[in-house]
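What follows is one structure encoded as structure tokens, with my remarks underneath.
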Amino acid sequence: MDFTKDVVVPAALSEILSRIFSFLFDNLTTRPAPGARDAHRRRLEQLLGNIGSMVEEAEGRHITNHQLLSHLKALTAGMYRGRFALEVTDLDDATNAAAGDIDDADAAAVGKRSFALCSSFNRAKRSRVTRLILGGGGAVGRNADGGGEDGTERLAAVVEELESLTRDYMREFIMLVQGYPRRIHRPVTTTLYMDRCVFGRHVEKERIVDFLLHRAPPSRAPFLSALAVMGAKKVGKTTLVKHACDDERVRGHFAAIEWFETPAVVRAGGAPDQTIWESGGPEYLAGVRRILGEARFAVAGAGRSLLVFEDAWPIDESEWAALAASPASAAFAGGGSKILITCRDGDVARIGTAEPVVLETLRQEEYWYYFKAFAFGGADPRDHPRVAAVAREISGHLERTFLDARVLGTLLRANFDARFWRKVLAAIVRCERRPMHVGVLLELLPVRGRLQSYGYCRSPPKFTVQDVLSAGVTGGGESSEEGFTVHLCRETLYMDHWYSITFKNDDVAAPAPPVL
């Protein structure tokens, strides 16, 4: 008996034939009907128009019902998923058409497998092989997330989801929303020009505003009325509170709105020259007690006050309860004054008198729109498929923080070149420093000085990122300064300050601004 001829060869042929038939069955039986893609697209566009109108109508009214706000959040999330699916399908088509322009040298720049740099190239190869096997049009390429569904299946799935969403919410939602008063539209200073309110946080903002406008029962301990806004670092807690405080209803309700950062509170409760690094914790609570006891917050007829404590330290609950029931707290809260606290710790959030507002990171679909606004400005990503492919990959690698999108998106828009964007993507993939935008800038900027600090300052910095990049190209210039600060972005909501990064020269020439 010839074992190879009688056993191995038949077994191998059987396995090969089984795989071929399985492949053909999977592809031929799941192939969508002709015209299904266009039909799904038209239906999705119609659904997005309806849902967008509902969301716009709801966001233009003063809604206080929490259940209705949760419905609004679900509709908004569905709207972004639908828009994202539609745009991803268009970008995939445009990227496939431009796949021949992406060479292997570009793909190797990142050092790891990346959709933006190599997936389109490999997908084009797979499509050619599929067409040879099937003898026809072949299969549609995979999606950006590697999920294995083609553009038609993606559109069909989102259409089904949004149809279910509108069946659940459409009629009742519209009827309930119309019972609430409309907003007074006015120009609003915002950190993002494409929205009337803080991006992706409308429901959370309404919860804060509702708490601030609701009058607590008088003459009942604990007297302090406090709400905690809790979330991870750089998730947008302070920005959200700023938008809530800038709301016309809140500004008209409180005579004074004051902000207190941690160093100021510690100094108020400790020694005059004490720093937060020398504090063991009790000084923070003592500082809060002293601030609440100030005469300007307790004088009758002075009006309501809103005090915002940023990045509050952990506070002993029993000591806070004693403070909340004290005569000083009664004098502070008697006229309707309230407290907002931003924190990262759930233990701090428990001292509030209402359920805390918890901020999660934005969903990928929402974050893409936020990042795209800074990276592309008014340009349509579909007109720049190679750049758009890299942009989607960058958006996926970022940690969905607002500052990362603002700083890196602005940097990309000022250097609208696919090779530069791939260089930024490579730096992001390698980056291990947090915040990520600082680590990426340290790698990209031609600066030999060491990092000294980063954060907000009250005066405009001397240099911009583009100044430093231009100086690196032209050779820089001489400077006698010991250090220099680079402007990254500007905040104008509630207070005017600049977010910047500062370098220490260490006897190395700082970059000079370009000659105009």
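The figures follow:
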{"item": "Entries in Lys73/Lys423; Lys233/Lys504; Lys234/Lys504 that, when Cα-Cα distance is taken, lie over 28 Å", "result": "Lys73/Lys423"}
{"item": "Summed side-chain charge close to Gly335 - residues other than Gly335 whose Cβ falls under 11 Å, Lys, Arg +1, Asp, Glu -1", "result": "+3"}
{"item": "J(HN,Hα) series, the stretch 414-427, from Karplus relation 6.51 cos²θ - 1.76 cosθ + 1.60, nearest Hz, glycine and proline x", "result": "6, 10, 7, 9, 4, 5, 5, 5, 5, 5, 5, 4, 4, 5"}
{"item": "Low-density loop cleavage sites - GluC sites (Glu not before Pro) in the stretch 242-272, where at most 16 other Cβ are within 10 Å (DSSP)", "result": "Glu261"}
{"item": "Dipole of the stretch 305-397, positive end: most advanced residue of Thr353, Ser337, Ala373 [Cβ charges, Cα centre]", "result": "Ala373"}
{"item": "Portion, in percent, of the accessible area of the stretch 282-343 that falls on carbon or sulfur, probe 1.4 Å", "result": "57"}
{"item": "Cα-centre dipole for the stretch 311-423 with unit charges at Cβ (Lys and Arg positive, Asp and Glu negative), debye to 20", "result": "840"}
{"item": "Cβ charges +1 (Lys, Arg) and -1 (Asp, Glu), total dipole of the stretch 199-271, debye", "result": "200"}
{"item": "Estimated vicinal HN-Hα couplings, Hz - the stretch 379-396 in sequence order (Karplus 6.51, -1.76, 1.60; Gly, Pro = x)", "result": "6, 8, x, 5, 7, 9, x, 5, 5, 5, 4, 5, 4, 5, 5, 4, 4, x"}
{"item": "Theoretical FRET efficiency, 1/(1+(r/R0)^6), r = Cβ-Cβ of Arg434 and Glu319, R0 30 Å, to 0.05", "result": "0.35"}
{"item": "Shape category assigned to the stretch 302-351 from the gyration tensor of Cα positions, a/c cut at 1.5", "result": "oblate"}
{"item": "Computed over the stretch 298-418: relative contact order in percent, which uses C-alpha pairs under 8 Å that are six or more apart", "result": "24"}
{"item": "Carbon + sulfur, % of accessible area of the stretch 35-99 - ligands and nucleic acids excluded, 1.4 Å", "result": "48"}
{"item": "Whole-number accessible area per residue in Å² for the stretch 344-441, which is evaluated in the context of all protein chains at 1.4 Å", "result": "38"}
{"item": "Fraction of accessible area attributable to carbon and sulfur, the stretch 392-457 (%, probe 1.4 Å)", "result": "43"}
{"item": "Integer Hz, Karplus 6.51/-1.76/1.60 couplings in order for the stretch 41-51, x for Gly and Pro", "result": "5, 4, 5, 5, 4, 5, 5, 5, x, 5, 5"}
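The values are calculated or read from the model by the stated rules, or taken from the named source; none is laboratory data. Just so we're clear, the structure is a prediction, and the values are computed from it rather than from any experiment. With ideal geometry, Cβ positions are generated from the backbone for all residues, glycine too; neighbour counts draw on all protein chains shown. Ligands, DNA and RNA are excluded from the accessible area calculation, which covers all protein heavy atoms including side chains. Shrake-Rupley method; radii C 1.70, N 1.55, O 1.52, S 1.80 Å.
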